[in-house]
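The structure under discussion appears below in the form of structure tokens.
The values are calculated or read from the model by the stated rules, or taken from the named source; none is laboratory data. Owing to the predicted nature of the structure, the values given are computational and were not obtained by experimental measurement. Cβ sites come from the backbone with ideal geometry, for glycine too, and all protein chains shown count toward neighbours.
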Amino acid sequence: MKGSAMRYTLLALLSPLIFLIMISSCNSKGTTKDIINAHISRESLKNVRIALELYRNEFGLFPETLDELLLRKGITEHSIIEDAWGRTYHYVKIGDSYEVFSTGRDGKPFTKDDIHPE
């Protein structure tokens, strides 16, 4: 077998193996960018929670929506209440409490990739 034919055969044999290794290295958390976005969103959620607590201290209750938080505080930068994928955090006021989280890479609430503040 000549050198170029041998290299081609070796490449043909290794290509499926390389592909399988690449596929197996992908995990349920997604790409590296998704992992970074999850970390950024988790950190940003801490600030949203602080803003919500400050709002309650000032107005006596939590806002009905995150947009109300921005409006009543005079904040014009909407990205403050968005996750790293550019989606508004999922927020629900529940009586005298609330739930706030990122819907993660799939953008759907109540799935396994949701990101909650720590």
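Taking the stretch 57-76, which residues are surrounded by 12 or more Cβ atoms within 10 Å (Cβ to Cβ), modelled with pLDDT under 95 and either on the phi > 0 side of the Ramachandran plot or in a loop (DSSP other than H, G, I, E, B) (or both)?
Selection gives Ile75 alone.
How many residues are modelled with pLDDT of 95 or more and surrounded by 12 or more Cβ atoms within 10 Å (Cβ to Cβ) if we restrict to the stretch 77-98?
Qualifying residue count, the stretch 77-98: 13.
Is there any pair linking a residue in the stretch 92-113 that is under 20 Å from Ile50 (Cβ atoms) to one that is part of a loop (DSSP other than H, G, I, E, B) and basic (Lys, Arg), with Cβ under 9 Å and at least six apart or on different chains, and which?
Within 9 Å, the pairs are Ser102/Arg87.
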